[in-house]
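Quick note: the coordinates plus some simple rules give every number you see, no bench work behind them. Computed from a prediction, not measured in an experiment: that's the story for all the values here. With ideal geometry, Cβ positions are generated from the backbone for all residues, glycine too; neighbour counts draw on all protein chains shown.
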Amino acid sequence: MRISEHPILGIPEQKKEVEFTYDGKIIKGLEGEPVAAALKAAGIIIHRYTSRHHSPRGIFCAIGRCTDCVMVVDGMPNVRTCVTPLAAGMDVRTQYGVSVKSMDAGAQYEVSVKNLDDRAQHEVSGNMETTNEIAEKGR
């Protein structure tokens, strides 16, 4: 979803549509827009998982000050995608912790356990949806 007309900024200039990969899948975005904006338009809101608790993170400040949107871009970890212009052929990958390595089986197990803990906490509070289920609705 994109803004087609803004009440103050008007109609955005037309940009060339380009293809890039996100975790091995081909996605389309507008050349020069922030990588995070292209991902958001494609329904992708989780950019990384924290190293300690493996908690999902996505766009937070959108001005390059925090590190919630960092991803591995063209093999380089810790790239702030909210201020990185999209280019054709970019390879964008979810970041796990602070490196280019993906989660090992142990970390995946920890994430699964955390998700079960999230479900239990939400059930106690009366909300049956987990954080991940809410995030998946945005996809």
Worksheet item: Between Glu5 and Glu19, what is the label-to-label distance in nm when each label sits 7 Å out along the Cα-to-Cβ direction?
Response: 3.3 nm
Worksheet item: How high is the FRET efficiency between Thr50 and Met76 when r is their beta carbon distance and R₀ equals 22 Å, given to the nearest 0.05?
Response: 0.70
Worksheet, complete the sentence: region 17-102: antiparallel bridges as % of DSSP beta bridges, rounded to 5, reads 80 percent
Item to complete: May I ask you to compute the full-extension gain from Val98 to Phe60, defined as 0.36 nm times their residue separation minus their alpha-carbon distance, rounded to one decimal in nm?
Response: 11.9 nm
